[in-house]
Amino acid sequence: MANETIQVQGMSCQHCVSSVEGAVGGLDGVDTVNVHLQEGKVDVSFDEGKVKLNDITEAIEDQGYDVV
């Protein structure tokens, strides 16, 4: 199980949190997703054999946010 913290710009409300958590949490292989709105960070725990970090960042960007 891998753990990563991803810096994300553009999140500003609870809808943003739900959007990111839903998109990332829906990926096969993702165990947990925690969005820290004030810090602009997303903590994610995932199985690298099932999902890659690039897939996770793409899911966030597909919701309209910028991964930095």
How many of the residues in the range 1-28 are surrounded by 14 or more Cβ atoms within 10 Å (Cβ to Cβ) and polar (S, T, N, Q)?
1
For the list (1) open to solvent by 20 Å² or more (accessible area, probe 1.4 Å); (2) touching a strand residue (DSSP E or B) at 6+ places or on another chain (Cβ under 6 Å), I need the number of the one condition that GLN38 fails.
(2)
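Residue-wise test of (1) exposed (fewer than 13 other Cβ atoms within 10 Å of the Cβ); (2) within 12 Å of ILE6 (Cα to Cα); (3) modelled with pLDDT under 95.
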site: VAL30; (1), (2), (3): no, no, no
site: PHE46; (1), (2), (3): no, no, no
site: ILE56; (1), (2), (3): no, yes, no
site: ASP62; (1), (2), (3): yes, no, no
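The values are calculated or read from the model by the stated rules, or taken from the named source; none is laboratory data. The structure displayed is predicted, hence computed values, not measured ones. Methodologically, a virtual Cβ is constructed for each residue, glycine included, from the backbone with ideal geometry; neighbour enumeration extends over all protein chains shown. Ligands, DNA and RNA are stripped out before the accessible areas are found, and what is left, the full protein with its side chains, is counted by its heavy atoms. Shrake-Rupley method; radii C 1.70, N 1.55, O 1.52, S 1.80 Å.
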